[in-house]
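The values are calculated or read from the model by the stated rules, or taken from the named source; none is laboratory data. All values derive from a computational prediction rather than experimental measurement. All Cβ positions, glycine included, derive from the backbone under ideal geometry; neighbour counts span all protein chains shown.
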Amino acid sequence: MALVDASIREFCENIPKIMDARFHDPLLESSAKYKGPVREIRDECKKSIYKEETKLQIEAAGYNMIMTLMDFYGEMIEQLIAKRDIDKLDKRNEGLYQLLPRETRDRLRPADA
């Protein structure tokens, strides 16, 4: 609770700077009492948590999945633009189209459809 209390105190003391976008430091690093320990914790997290192999592997897999999906959806949109008809999409692109939320499908529907 001490860190929460210190964060609240630093926030309240710096409201004018925060509201004027002149406060750029992490709240606890502006606290004289907790500045050193908080930096030590942050530095240790950078060394042991943020660079942990399993975490990095999961991030890499997620990145690859997102990029693949973006490529697939980009190709589907390109085909939709070229064919100008949802019914003329190939099976993969038709499936991708159907997975989109209704509002997005409505926006992608060709004007003359």
Is there a residue in the range 64-74 that is free of Cβ contacts under 8 Å to residues at least 40 places away in the same chain, among the aromatic types (Phe, Trp, Tyr) and over 30 Å from ASN93 (Cα atoms)?
no
Mind counting the residues in the range 12-53 that are surrounded by fewer than 11 Cβ atoms within 10 Å (Cβ to Cβ), closer than 15 Å to ALA2 by Cα and at pLDDT 85 or above?
0
Test set (1) touching a helix residue (DSSP H, G or I) at 6+ places or on another chain (Cβ under 9 Å); (2) part of a loop (DSSP other than H, G, I, E, B) - ALA21 fails condition number
(1)
Filtering the range 62-111 down to residues that are of a type in the set (Gly, Ala, Ser) and either surrounded by 12 or more Cβ atoms within 10 Å (Cβ to Cβ) or touching a Cys at 6+ places or on another chain (Cβ under 9 Å) (or both) yields GLY95
Any residue at all in the range 90-100 that's part of a loop (DSSP other than H, G, I, E, B) and either under 30 Å from VAL4 (Cβ atoms) or out of contact with any Ser or Thr (no Cβ under 8 Å at 6 or more places or on another chain) (or both)?
yes
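Would you be able to say whether some residue in the range 68-89 is part of a helix (DSSP H, G or I) and within 16 Å of the chain's Cα centre (by Cα)? Steps first, please.
Just the residues of the range 68-89 that are part of a helix (DSSP H, G or I), to begin with: 68-83, 86-88.
Retained after the next criterion (residues that are within 16 Å of the chain's Cα centre (by Cα)): 69-70.
Yes, the range 68-89 contains at least one residue that is part of a helix (DSSP H, G or I) and within 16 Å of the chain's Cα centre (by Cα).
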